Amino acid sequence: MDKMPAWADAILVPLISLLLAAILSALVIIGIGEDPIAAVKLMVSGALGSTYGWGYTLYYATNFIFTGLAVAVAFHASLFNIGGEGQATLGGLGVAIICLALPWPHWSLALLAAIGFSALFGAMWALIPAYLQAKRGSHIVITTIMFNFIAAALLNYVLVNVMRPVGSMDPASARFSEAVHIPTLHELLAPIGIEFSKAAPANVSLLVALLACFLVWLLIWRTRLGYQIRAFGKSESAAKYAGINPVRITVIAMLISGGLAGLMAINNVMGEAERLVLNATEGAGFIGIAVALMGRNHPFGILLAAILFGFLYQGGAELALWTSIPRELIVVIQALVILFTGALDNMVRIPLEKLFVRFRRSSAGGSSR
Amino acid sequence: EPAIIFDLGGKFDKSFNEAAFAGATRWAEETGESFREIELQSEAQREQALRRFAESGANPVITMGFAMADPLSSVAPDYPDTKFLAVDVTWLDTPNIRQVGFAEHEGSYLVGMLAALASETGTVGFVGGMDIPLIRHFGCGYAQGALAADPDVKIVANMTGTTPAAWNDPVKGSELTKAQISQGADVVFAAAGGTGVGVLQTAADEGILSIGVDSNQNHLHSGKVLTSMLKRVDVAVYDALKAGENLETGVFVLGLADDGVGYALDEHNEALITPEMKAAVDEARQQIIDGEISVASYYENDSCPAYNF
Amino acid sequence: MDLLTIVQILDSTLRLATPLLLACLAGLFSERAGIFDIGLEGKMLAAAFFSAATAAITGSVWLGLLAGIASSILLSLLHGLASITFRGNQLISGVAINFLAAGMTVLIAQDWFSQGGRTPSLIGRGRFEQITLPFADAVESTPIIGPIYAELLSGHTILVYVSLLAVPLTWWILFRTRFGLRLRAVGEAPEAVDTAGVSVVGLRYAAVMICGVLCGIAGAYLATGLQAGFVKDMTAGRGYIALAALIFAKWRPWYALYACLLFGFLQAIALRYQNIDLGVFVIPVQVMDALPYILTVVILAGFVGKAIPPRAGGEAYVKER
Amino acid sequence: MTAPVTAPSPSPTESRATAPAIELKGISKSFGPVQANKDISIRVMPGTIHGIIGENGAGKSTLMSILYGFYKADAGEIFINGHKTEIPDSQAAIAAGIGMVFQHFKLVKNFTVLENIVLGAEEGRLLRPSLKKARGVLKQLAEEYELNVDPDALIEDLSVGHQQRVEILKALYRQADILILDEPTGVLTPAEADHLFRILNNLRAEGKTIILITHKLREIMEITDSVSVMRRGEMTDTVSTSGTNPEQLAEMMVGRKVLLRVDKTPANPGEKFLEIEGLRVVDDAGVERLKGIGLTIRAGEILGIAGVSGNGQSELLEVLGGMIPATSGTVRVRGEEIDITGKHSDGQSRRARGIAHVPEDRQHEGLIMDFHAWENICFGYHHDPKFQANRFLMDNEALRKDTEAKIERFDIRPPNCWTAAKNFSGGNQQKIVVAREIERNPDILLVGQPTRGVDIGAIEFIHKQIVALRDAGKAILLVSVELDEIMSLSDRIAVMFDGQIMGERLPADTNERELGLLMAGVTDAPTGAAPALEETIHG
Ligand SMILES: Nc1ncnc2c1ncn2[C@@H]1O[C@H](COP(=O)(O)OP(=O)(O)OP(=O)(O)O)[C@@H](O)[C@H]1O
Ligand SMILES: Nc1ncnc2c1ncn2[C@@H]1O[C@H](COP(=O)(O)OP(=O)(O)OP(=O)(O)O)[C@@H](O)[C@H]1O
Ligand SMILES: [Mg+2]
Ligand SMILES: [Mg+2]
């Protein structure tokens, strides 16, 4: 018998963890002499109080959906992909190359090409760590961390020495042409009569992200490949018995993971900046870890967690603008969420399990009499 | 309510951004009004910050540094009623931006002279921030000034990096200073934003002289900073805030004549600047203003007659 | 390149290798005891801030050092709580600690000093002073040996010498003492330690605490030795490079010294030269920046001898489930 | 007699008169929902060897681990030499003079013997003096008890038998008066086991008290003075060895008369379904695990492989099941050679050839413990078109239907396809695996330890299924360490030793003694005998 019903495991535990993280965050805000309630109010109004705020919240959420899914797919194969940052960076490079290389007739074609290229570049950046893990047992956590730094150096080199337009002082690529501008939510919703902030960067990538959620759900729970990924993730020895090739699954899972992380670039590079800048990912690869942990590696959970983090991000930016609370508060909250939903999971789980076992015993004892 | 966007080094970089902060603070104190501000954390934030301020009705919106040029070019046209002040940008053709540049080469020329005059080893150093034409522009004026004061002077120059991180890397500034000291430099000019803090610190630790930049940095290590090359960003910001919504747009380049650049002389470096040095530099200043001396501009020539970067 | 330049580069190598070495040895204690630690970066960062802040407030660098160590130990305890007591995922805990430190340092710095997440610059006794070794001035003019002694070996802060001494000390503790034997055993086979009547939890906490102390010194060195004050993110990935060095060193103290010196050397080169012109081709500075990471991947791939981590590393010791 | 091993205890005769060396009263222990020990009491007199037997999972190891302070009991008291003793951890147990050799050794593999011995029993803060002292003591102990091991060898370089010696030395070095051995002979050859028993006898003669856990009734009868029987977490009884016999013990163990015979008709072998020739396997460490195996199994027969575990049986199953590649050799399935060394040698290719495999370790191989029953029912057969809804998706509905049918036919409890595998008991887990594999109606069934940790009711059921498959004209390769199972189920028996087939016998023509000798590598007619036997059976 399980110690705890499934719903408690899937909902109660993360909820309590989140609550603990929230309480500590509030204490931190009080600690720096600010009013947590006012801060939350400001965050809510800034992030959700206008279509402008929503536009940014959803823009960030789109990034986090991609990186969260990336982390989750790898997690299902029992691989901890900390390399989302690097893979998303490379995805950006892919998008920039394809957007600048060809004269695109229409944004939709460019978007398709960008989806392909960003996923391809992200996947390729995950390939070497995956291969080394599968074939040579090199710990993927360490190799992906290393690849994040290597990606940063590579982007740095490319932007400074290769892609920087002549005469520009910025280490950034040229601006993409108007033709590859993908519709923002404003442009998408205007025809159907919905007024959405023109300034907000949320764009059609959001729909791609939602589609990705659905596809990942199908992949993991409905397809043979997903079945094999999960089986391999749960028990490598059993996977071997079943004839599931560990090298193949490791590589494929990481390619999908890297591809998803890379896909983020259609949002931040193509949808927002419309050029490639240094550090375009802004840590979204790492936030994917928190998002996946909180979303319990399920696409639906990830969607919710991504929106929550989108809210935190936009709300945090607002805080930084209108109060003296630095933006780093969000980093702290992110850390607390990772800590409680990830590392200190058992701190919540064990007492809860005991509670359930005791509750069940007493109710069983009662009924038998 | 006006707003300022500080660049990556942050408003306490003791240099470029801090100058803007000082100007804004002076305005706020004098008028009793307030301004909004944000310190950028990453490249990707530039456009959002700009848009957010414009969106919320801030006017004017002040941006610091050349890297804001690109976001400005895409955001400013969306808010035609908002006035922008772009410091260190002079090449955009959007009507609602006041673009302010500085004749850094002229100011650098003066501190270059002082460096050469103060040097005992006959070698002076230059630590630049990010390796871009703007910083070479500084270095070029500095080299010309040093050579003018002492034709035999040896100049050693290093750039901190190729990305904006170069504005905020005191460790590297410190290491480069040590390297220049080992090459004989005994006066080092840091035109490197927050990185300069490391340069000035090391220079003070190692007992040589340094030259600050943008803000008056003489007080950082009193008696050990020869002078500072002032770039009156504070004045530009102060004036813009004072003008408010009536800000006059267009391109402005401030030089010695407008007191847009200069060198700092105060109680911290009185003892270091002899009357002879002061006389020589002041004369050169007047000559530049009068057009008798023409300081070559790296911007215009894309090369420097005095130093090969 | 003349001798003086070489000595100068080696001199900065030593300075730059110091935080790496301390953090690397910190990781060595922790990982040898079976607790993976990717939170070295965060602990160093926290220590850097609290040492600088305390030194700035009190004016005493020694109090600063203590505060730095204390803050680092606190994060170590958090890591211990998550990964030893609650048997959580050590990697996730490390990631969380890194974020926590990155955020908290800036938050507190802003609250205390309102200088955009920095501390005021440290002056006077707020910093570690450079120590001139005996006779350094006297021998300076002797050819070759003079500059090596006077420039390279002399004139560092005390923490540089502490880090160098920490290497033989670590070796001695690990391989010559009872504690070291048990510590190594607990990283290989905790059940063997447990059945031998020694507390696994106790040993692991001890290791994690030592890790905290060393990370604390590393962070304090960054803010009060190498620089004069704290700026945000000032560790700049050094914790990860230390981790890389640890793998490079195959979890051994003397190799750790060599690995850190190598990585310090790469940093020293990258600091001094933008691009390295080898005549045939030019190595861009970005390659120098990435080289430690690339080398580590090569080592991890097992092309240059296999790096076998402690066998029980990364996993909580679970008796009953 | 040397200082460290001499116990300052009263002489054996004296203490026998006084108090028991060990007395446990009312010990209970549960692991979450599993009650491993229920109110157990036991007394062991000093200077005796006390046996503990019981089925797998009966709670023997748990009880001893509590005595050794490895686990903490939920309730109960422990008395050592008549004194109530708290044993919260192993340190306390060691201080009370208890030493334990675990079923799974607790050694640091990349430490030397010497380092392992001193670990936790060092003399002071520095290592050198401890090691120096231990070296001396070790030498004396080695001479005294025939426990020779190279003190400077790394554990990972030692054979299992030698590793066990290190464990015993560890206990003796700590001056243990009470020595617990948990299934020490499971991994030993008969010769090594004999050597071990000589040592135990010596120790008993020294006045030490020994507790011996074993599954082998022969060993109980041979060496113990008294024996306790455990069943399902409870202590059934404690009897004096001289006053009992194997049959009675077996009955006490399982709680009813043991049916050692399986009802089955004589085999009716048909064509050759599986032919193995010159099969060699060299593992990653370069050790040759299979040294040229030759076997043939025909349709309609069960070939049983007997042997002490660790002699290559696992590797044989793994190669045939596609889990590891062979180094060389040929395998033919119904006359057609299959790839056993190359890229296409894996579990999938085997299944495609009609080979099904009930693995030895159902928890780590046969099942994904976190998956629901219905997800496990296609494990390994997830490519089967029958489970696919279309080109891309699996048909989960069909899977659940299939599972429900199998739950029904195999009487799997609880009958719920949404129950996770880990939440079935061991026997029902095994039924899921057996159902999955047998219902494929394979040509060849590989079965490893089919009834390990399975209760007697399920054993009978599983045996019946296997025989039914044979009667349907399929070939079955059975590997088991239980000689009884081999003897009663097989139509033909091959004995493996050290990666080789030592010989083949017909169950009717042989006995446990002869098989035991073959299992120990003692033979007058090694591998060569196989073909001759083939002739006599089928000729
Ligand atoms: N560490 C543990 N955590 C959870 N359950 C356990 C643990 N150890 C044993 N159990 C369970 O306790 C019961 C008794 O196990 P134990 O190992 O004592 O049996 P045993 O008699 O030694 O069996 P075997 O003959 O197979 O060694 C089993 O159901 C087992 O699954
Ligand atoms: N090591 C373990 N950890 C957790 N739970 C366990 C462990 N071993 C057994 N269990 C659980 O304990 C319960 C009983 O298992 P066990 O194998 O002892 O049953 P059993 O009484 O022997 O039944 P069967 O005769 O069918 O094997 C099952 O629910 C099983 O999931
Ligand atoms: Mg057991
Ligand atoms: Mg059972």
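The values are calculated or read from the model by the stated rules, or taken from the named source; none is laboratory data. Because the structure is a prediction, the values reported are computed rather than measured. Counting neighbours? That spans all protein chains shown, and the Cβs are built from the backbone with ideal geometry, glycine included.
Within region D:98-126, track down each residue that is within 8 Å of chain C (Cβ to nearest Cβ) and over 33 Å from the mean Cα position of the chain (by Cα).
D:Glu122, D:Gly124, D:Arg125, D:Leu126
Are any residues in region D:427-451 farther than 20 Å from A:Ala242 by Cβ and within 16 Å of ligand 3 (Cβ to nearest atom), and if so, which ones?
Residues satisfying the conditions do not exist here.
Considering only residues that are in a loop (DSSP other than H, G, I, E, B) and surrounded by fewer than 24 Cβ atoms within 10 Å (Cβ to Cβ), look in region A:133-166 and name the one that is farthest from the other protein chains (Cβ to nearest Cβ). So that I can check it myself, show each step before the final result.
Step one: list which residues in region A:133-166 are in a loop (DSSP other than H, G, I, E, B), which gives A:137-139, A:163-166.
Still in the list and also surrounded by fewer than 24 Cβ atoms within 10 Å (Cβ to Cβ): A:137, A:139, A:163-166.
Numbers: A:Gly137: 8, A:His139: 7, A:Met163: 13, A:Arg164: 9, A:Pro165: 10, A:Val166: 11 Å.
Among those residues, the one meeting the criterion is A:Met163.
In this structure, is D:Glu437 in contact with a strand residue (DSSP E or B) (Cβ under 8 Å, 6 or more places away or on another chain) and within 16 Å of ligand 1 (Cβ to nearest atom)?
no
What number goes with the only condition from (1) more than 26 Å from C:Val106 (Cα to Cα); (2) within 12 Å of another protein chain (Cβ to nearest Cβ) that B:Pro77 does not pass?
In the conditions (1) more than 26 Å from C:Val106 (Cα to Cα); (2) within 12 Å of another protein chain (Cβ to nearest Cβ), B:Pro77 misses (2) alone.
Take the residues of region D:132-148 that are at pLDDT 90 or above and buried (at least 18 other Cβ atoms within 10 Å of the Cβ): which is nearest to D:Phe197 (Cα to Cα)?
D:Leu138
Does A:Ile244 fit the bill of being assigned to a loop (DSSP other than H, G, I, E, B), buried (at least 22 other Cβ atoms within 10 Å of the Cβ) and among the hydrophobic types (A, V, I, L, M, F, W, C)?
Judged against the criteria, A:Ile244 is a match.
If you go through region A:171-180 one residue at a time, do you hit one that is within 26 Å of B:Glu47 (Cα to Cα) and within 14 Å of chain C (Cβ to nearest Cβ)?
yes
Can you name every residue in region C:36-94 that is more than 12 Å from chain A (Cβ to nearest Cβ) and in contact with a His (Cβ under 7 Å, 6 or more places away or on another chain)?
Within region C:36-94, no residue meets the criteria.
State all residues of region D:467-484 that are touching a helix residue (DSSP H, G or I) at 6+ places or on another chain (Cβ under 8 Å), assigned to a helix (DSSP H, G or I) and in contact (Cβ under 8 Å) with a residue 40 or more places away in the chain; if no residue qualifies, say none.
Result: D:Val467, D:Leu483.
For region D:395-409, give me the residue count where each residue is surrounded by 21 or more Cβ atoms within 10 Å (Cβ to Cβ) and either hydrophobic (A, V, I, L, M, F, W, C) or within 16 Å of ligand 1 (Cβ to nearest atom) (or both).
Number satisfying all stated conditions: 2.
Scan region A:6-46 for residues that are touching a helix residue (DSSP H, G or I) at 6+ places or on another chain (Cβ under 7 Å) and not in a helix (DSSP H, G or I) and report the count.
Adding up the residues that qualify gives 2.
Need a quick list: helices (runs of 4 or more DSSP H) entirely within region C:156-253 having at least 2 residues that are under 22 Å from C:Arg125 (Cα atoms) and either touching an Asp or Glu at 6+ places or on another chain (Cβ under 9 Å) or more than 12 Å from chain D (Cβ to nearest Cβ) (or both).
In region C:156-253, the matching helices (runs of 4 or more DSSP H) lie at C:158-176, C:200-221.
Please go through region C:95-142 and give me each residue that is within 14 Å of chain A (Cβ to nearest Cβ), not charged (D, E, K, R) and not in a helix (DSSP H, G or I), ordered by number. Outline the logic, then answer.
Within region C:95-142, the first condition is being within 14 Å of chain A (Cβ to nearest Cβ), and the residues that meet it are C:95-118.
Restricting the remaining residues to those that are not charged (D, E, K, R) gives C:95-110, C:112-117.
Scanning region C:95-142 gives C:Ser114, C:Gln115, C:Gly116, C:Gly117.
Might you check whether a residue that is among the small types (Gly, Ala, Ser), part of a strand (DSSP E or B) and either modelled with pLDDT under 95 or within 16 Å of ligand 1 (Cβ to nearest atom) (or both) occurs anywhere in region D:443-462?
yes
Are any of the residues in region D:69-83 within 16 Å of ligand 4 (Cβ to nearest atom) and either within 14 Å of another protein chain (Cβ to nearest Cβ) or surrounded by fewer than 24 Cβ atoms within 10 Å (Cβ to Cβ) (or both)? Give the steps one after another, and end with the answer.
Here is the first cut: in region D:69-83, the residues within 16 Å of ligand 4 (Cβ to nearest atom) are none.
For region D:69-83, residues within 16 Å of ligand 4 (Cβ to nearest atom) and either within 14 Å of another protein chain (Cβ to nearest Cβ) or surrounded by fewer than 24 Cβ atoms within 10 Å (Cβ to Cβ) (or both): absent.
Suppose the filter is more than 16 Å from ligand 2 (Cβ to nearest atom), touching a residue at least 40 places away in the same chain (Cβ under 8 Å) and more than 26 Å from D:Leu158 (Cβ to Cβ); does D:Ala58 pass it?
Values: more than 16 Å from ligand 2 (Cβ to nearest atom): no; touching a residue at least 40 places away in the same chain (Cβ under 8 Å): yes; more than 26 Å from D:Leu158 (Cβ to Cβ): yes.
No: the conditions fail for D:Ala58.
Report, by residue number, each residue of region C:235-271 that is over 16 Å from the mean Cα position of the chain (by Cα) and surrounded by fewer than 19 Cβ atoms within 10 Å (Cβ to Cβ).
C:Ile269 - this is the single residue of region C:235-271 that is over 16 Å from the mean Cα position of the chain (by Cα) and surrounded by fewer than 19 Cβ atoms within 10 Å (Cβ to Cβ).
Looking at region A:254-307 only, could you name the residues that are more than 14 Å from chain B (Cβ to nearest Cβ) and outside any helix (DSSP H, G or I)?
Of everything in region A:254-307, those that are more than 14 Å from chain B (Cβ to nearest Cβ) and outside any helix (DSSP H, G or I) turn out to be A:Gly295, A:Arg296, A:Asn297, A:His298.
Restricting to region D:379-394, count the residues that are more than 8 Å from chain A (Cβ to nearest Cβ) and either buried (at least 22 other Cβ atoms within 10 Å of the Cβ) or basic (Lys, Arg) (or both).
Total meeting the criteria: 2.
Taking the condition of being within 11 Å of ligand 4 (Cβ to nearest atom), in contact (Cβ under 8 Å) with a residue 40 or more places away in the chain and within 14 Å of another protein chain (Cβ to nearest Cβ), how many residues in region D:409-466 meet it?
Here the count works out to 2.
Among the residues of region D:421-458, which ones are closer than 19 Å to D:Met487 by Cα, among the β-branched types (Val, Ile, Thr) and surrounded by 21 or more Cβ atoms within 10 Å (Cβ to Cβ)?
D:Val447, D:Thr451, D:Val454 - these are the residues of region D:421-458 that are closer than 19 Å to D:Met487 by Cα, among the β-branched types (Val, Ile, Thr) and surrounded by 21 or more Cβ atoms within 10 Å (Cβ to Cβ).
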